[in-house]
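Trainee: Next up is a structure, given as structure tokens.
What follows is calculated from the coordinates using simple rules that are stated; it is not laboratory data. These figures come from a predicted structure and were not determined experimentally. Backbone-built Cβ (ideal geometry, glycine too); neighbour counts: all protein chains shown.
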Amino acid sequence: MTRMISRDDPRMARPVASGNYALLCIIVTMTIFIVLLFFEDTQQSALLQEGGALETATALIYLVAIALLLPAGADVWPFIVLLLAFCMREFDMDKLLFTEGLFKSRQYIGGGAPLVERLLSGALLLGLIITGILATMRSIRGLARRDSHFRGVTLCVGLGVVLAITSKMADGLGRKLAPFGVELPGWVDLLALTYEEVAEFGMAFSFTVAAFLFMRLRKRGAANSDVDEARG
């Protein structure tokens, strides 16, 4: 007998919806970036500074993503650990716990930090790298098993990764170009800083939307499996 598919089944979702979530993330990120450009330089700098409104909002959004994924428990633990690390970085906890900062090369190269501290921070960083590899492997295996409507999750995560890479490129742009004899005007430095902070916000927002969509589809899939079992 042909089995009816529930309207709430992820397979019944419109294909176009997969890209709508990523598009939402792009629109939110671009809107914040454009709005900030209309602020006075002093106001803009105040919002973008360490511990400022935008950085705090980014950290809080990571906490929302973690809260969304917690019900999935062990199934998504690598992602929860990575999101927690990103959140701690936004709160500058990596700099509070270590002399130069967990993610700074100066922590491991040179004599700025004691040897024991360098070993401890190195072990922690290695653990995060291994967790990232595990998260990537789980994502690849999961995508191979799931239908095309999980593409929305993939697109949001991919967008977050792109924003992470480009924000890192914009970080300290003037300092990076100085050895090549390139001196950037102040407004370009501020523009790069604005993009860096907004991109980090967009990264957190994209990951949170991905977590929301993943849990939504996971819940629907579990509900439909229960219905299928009940029907025999």
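Trainee: Given R₀ = 35 Å, what would the calculated FRET efficiency be for Leu126 paired with Leu47, taking r from the Cβ atoms and rounding to 0.05?
Mentor: Working: r = 35 Å, r/R0 = 1.00.
That gives a FRET efficiency of 0.50.
Trainee: For Lys168, give me every one of the lysines with a C-alpha distance below 24 angstrom, ignoring sequence neighbours fewer than eight places off in its own chain.
Mentor: Lys95, Lys104, Lys176
Trainee: So for the pair Leu97, Lys176, with labels modelled 7 Å out along Cα→Cβ, what separation do we get in nm?
Mentor: 2.6 nm
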